[in-house]
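All remarks here apply to the structure that follows.
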Amino acid sequence: MITRRTLIVGGAGALLAGCDKLSDSPAFRDMLRGGEGLTMRAQRLITSRTAMAREFSAADMSPVFRSNGSSNPGTADYQRLAAGRFADWRLIVDGLVRRPLSLSLGEIGRMPRRTQITRHDCVEGWSAIGKWTGVPLSLLLDQAGLRDEARYIVFHCADRFGDLPYYESIDLVDAFHPQTILAWALNDRLLPIPNGAPLRLRVERQLGYKHAKYLMRIEARDSLAGLHGGRGGYWEDVADYEWYAGI
Amino acid sequence: MEEREDSQAAVAPEIVTRHRLSTRIWHWLNALTVFVMLMSGLMIFNAHPRLYWGDYGANADHAWLEIGSTREAGYLRIGSLTVPTTGLLGHRTDWSGTVRRYAFPGWATIPSAYNLAAARRWHLAFAWVLAIGLIAYLTIILINRHWRGLLPHRTELKPRHLWREVADHARLRFAKGAAALHYNTLQKLSYAGIVFLVLPVVILTGLTMSPGMNAAWPWLLDLFGGRQSARSIHFICAFLLVGFILVHLIMVALTGPLKQIGAMITGRQQLEQPE
């Protein structure tokens, strides 16, 4: 017999199952993804290229700056680099550039630096405020000389999830933003391993997973297609997180 | 004479206009959108079921609200008050006998299985529908002056009048006939509170959590006292909406659900003769 209760519970269950089914439908997912494009265009429309993320004072900093994701790449190569205090580590800058670079940590440390106390927002919902010091990415890109076809900057990392290497990418609007730096220090100390030693990206107008840690290589590309899963980042590829993480 | 009038009234009852087209479209659009927003929002909350005040807040910092679990039990902690919530929040054994230790249970979230990325896709796409719908509705009621029907008159806000309405509601004595065509003060306060306060605040606090919007409109952070405060206020607004919906559904059920739902679909209602 169908009671009102089974009707309500059954109806709600059918609705929920319907939502799950929609979540799995490629056409519906593409429709929802349309929201990401709309959000990005709307934010870019109302945000000037140099609109800054808020910078805080030392008194506003989180007592503990937690780490997230990989806390240590743990590969043999990385262990060797870490054991040598990253003396043998090199950052490669290549792809669509006129002058590919290979830079040591010392060389990067001697470049002009920017220090900023900013808020790190994880996609999960928490925030931590820390003090970052590093070289503006724009300086490195100017030194390497981007070719006209370059549209994206890809960050290849030393950490892996299973068989897949972590990577991220941003477009040139964020790559040349004054607060976009490659940080080698957190809270006045050399970047600790859980936070991405020896070098990590800070792209302050986007969420935490865009801030690639354990940088090994920076590649300028004209397209994200054909690279790993093609969506421009590890979490974008494996779990369908947004490539534009400004919200 | 009197008899004839009576029989005429029985044959041709008076049909009155109850809800404008804009109100009806917005109502049913929201009936869908708000549920998607609430349920996908609960899934997003599950990714970090702790709330803070101020600019920052993470695991090492003090949370004013937390939904958590031990191996055997779930709990909700607000300030220093801890309420056991096993079976509902934090710790629940599902239909297959598997223990789930997420803050909100699968039957309350979109999607039902833990998936932050999918919940964000739902939430951030439907947020556009919610925001555009609210802006369109506010614009329309400003032009057609319907907004005045949502704001209580000064005399309606006198304690004696308010108390009278509260007492009538408590006895389930509701206005009938022509008197029910106008919102009473409690209705006006609830609708105005939702339309002019809770919905705008839920949208603005949502935007305050966006690092991109923080750069575009830094005043948002000052308005709500930081990103984590905005997240807390966002969550409180969501539960004010849940409360509103519950009371709304109960009132519809108590005052002739078919008549009320019909009026919200067709816009028209047969006028009830006062007893």
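The values are calculated or read from the model by the stated rules, or taken from the named source; none is laboratory data. None of these values were measured; they are calculated from a predicted model. All Cβ positions, glycine included, derive from the backbone under ideal geometry; neighbour counts span all protein chains shown.
Of all residues in region A:1-34 being surrounded by fewer than 10 Cβ atoms within 10 Å (Cβ to Cβ) and not in a helix (DSSP H, G or I), which is modelled with the lowest pLDDT?
A:1
Do we have residue B:198 as under 17 Å from the mean Cα position of the chain (by Cα), modelled with pLDDT of 90 or more and not small (Gly, Ala, Ser) here?
In short, yes.
Going through region A:41-65 one residue at a time, which ones are assigned to a helix (DSSP H, G or I), of a type outside the set (A, V, I, L, M, F, W, C) and surrounded by 12 or more Cβ atoms within 10 Å (Cβ to Cβ)?
A:43, A:44, A:60
Specify which of the listed residues (B:125, B:103) is in a loop (DSSP other than H, G, I, E, B), surrounded by 19 or more Cβ atoms within 10 Å (Cβ to Cβ) and under 21 Å from the mean Cα position of the chain (by Cα).
B:103
Filter region A:37-50 for residues that are in contact (Cβ under 8 Å) with a residue 24 or more places away in the chain and either within 7 Å of chain B (Cβ to nearest Cβ) or among the hydroxyl-bearing types (Ser, Thr, Tyr) (or both) and give the result.
Scanning region A:37-50 gives A:39, A:43, A:47, A:50.
Which condition from (1) more than 9 Å from chain A (Cβ to nearest Cβ); (2) under 24 Å from the mean Cα position of the chain (by Cα); (3) free of Cβ contacts under 8 Å to residues at least 40 places away in the same chain; (4) surrounded by 19 or more Cβ atoms within 10 Å (Cβ to Cβ) is the one that residue B:63 breaks?
Here residue B:63 meets the rest and fails (2).
Can you list the helices (runs of 4 or more DSSP H) found entirely within region B:215-275 that contain at least 1 residues being over 30 Å from residue B:13 (Cα atoms) and either in contact (Cβ under 8 Å) with a residue 60 or more places away in the chain or charged (D, E, K, R) (or both)?
Answer list for region B:215-275: B:219-224, B:227-254.
For region A:17-52, give me each residue that is of a type in the set (A, V, I, L, M, F, W, C) and within 23 Å of the chain's Cα centre (by Cα).
A:32, A:38, A:40, A:42, A:45, A:46, A:51, A:52
So if I check each of B:131, B:136, B:178, which one is buried (at least 16 other Cβ atoms within 10 Å of the Cβ) and either touching a residue at least 12 places away in the same chain (Cβ under 8 Å) or assigned by TED's automatic domain parsing to the domain that holds residue B:66 (or both)?
B:131
Suppose we keep only residues that are assigned to a loop (DSSP other than H, G, I, E, B) and among the acidic types (Asp, Glu) within region A:203-237. Which one would you say is nearest to residue A:121 (Cα to Cα)?
For region A:203-237, the residue satisfying everything is A:204.
Please go through region A:171-206 and pick out each residue that is within 14 Å of another protein chain (Cβ to nearest Cβ), in contact (Cβ under 8 Å) with a residue 24 or more places away in the chain, under 15 Å from the mean Cα position of the chain (by Cα) and over 20 Å from residue A:62 (Cα atoms).
Of everything in region A:171-206, those that are within 14 Å of another protein chain (Cβ to nearest Cβ), in contact (Cβ under 8 Å) with a residue 24 or more places away in the chain, under 15 Å from the mean Cα position of the chain (by Cα) and over 20 Å from residue A:62 (Cα atoms) turn out to be A:173, A:174, A:177, A:180.
With more than 10 Å from chain A (Cβ to nearest Cβ), over 15 Å from the mean Cα position of the chain (by Cα) and over 18 Å from residue B:130 (Cβ atoms) as the only criterion, which of B:257, B:218, B:211 stands out?
Within the list B:257, B:218, B:211, the selection yields B:257.
Among A:98, A:33, A:41, A:49, which is closer than 30 Å to residue B:125 by Cα and in contact with a Lys or Arg (Cβ under 7 Å, 6 or more places away or on another chain)?
A:33
So which residues in region B:224-240 are hydrophobic (A, V, I, L, M, F, W, C) and touching a Leu at 6+ places or on another chain (Cβ under 7 Å), if there are any at all?
B:235, B:238
Can we say residue B:231 is surrounded by 14 or more Cβ atoms within 10 Å (Cβ to Cβ) and in contact with a helix residue (DSSP H, G or I) (Cβ under 9 Å, 6 or more places away or on another chain)? If you could, list the steps in order and put the result at the bottom.
Numbers: surrounded by 14 or more Cβ atoms within 10 Å (Cβ to Cβ): yes; in contact with a helix residue (DSSP H, G or I) (Cβ under 9 Å, 6 or more places away or on another chain): yes.
Yes.
Residue-wise test of (1) in a loop (DSSP other than H, G, I, E, B); (2) buried (at least 18 other Cβ atoms within 10 Å of the Cβ); (3) in contact with a strand residue (DSSP E or B) (Cβ under 9 Å, 6 or more places away or on another chain).
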| position | (1), (2), (3) |
| --- | --- |
| A:67 | yes, no, no |
| A:91 | no, yes, yes |
| A:103 | no, yes, yes |
| A:109 | no, no, yes |
| A:129 | no, yes, yes |
| A:133 | no, yes, yes |
| A:140 | no, yes, yes |
| A:157 | no, yes, yes |
| A:167 | no, yes, yes |
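Quickly run through region A:207-236 and pick out the residues that are within 14 Å of another protein chain (Cβ to nearest Cβ), over 21 Å from residue B:210 (Cα atoms) and of a type in the set (A, V, I, L, M).
Once the filter is applied, which keeps residues that are within 14 Å of another protein chain (Cβ to nearest Cβ), over 21 Å from residue B:210 (Cα atoms) and of a type in the set (A, V, I, L, M), region A:207-236 yields nothing.
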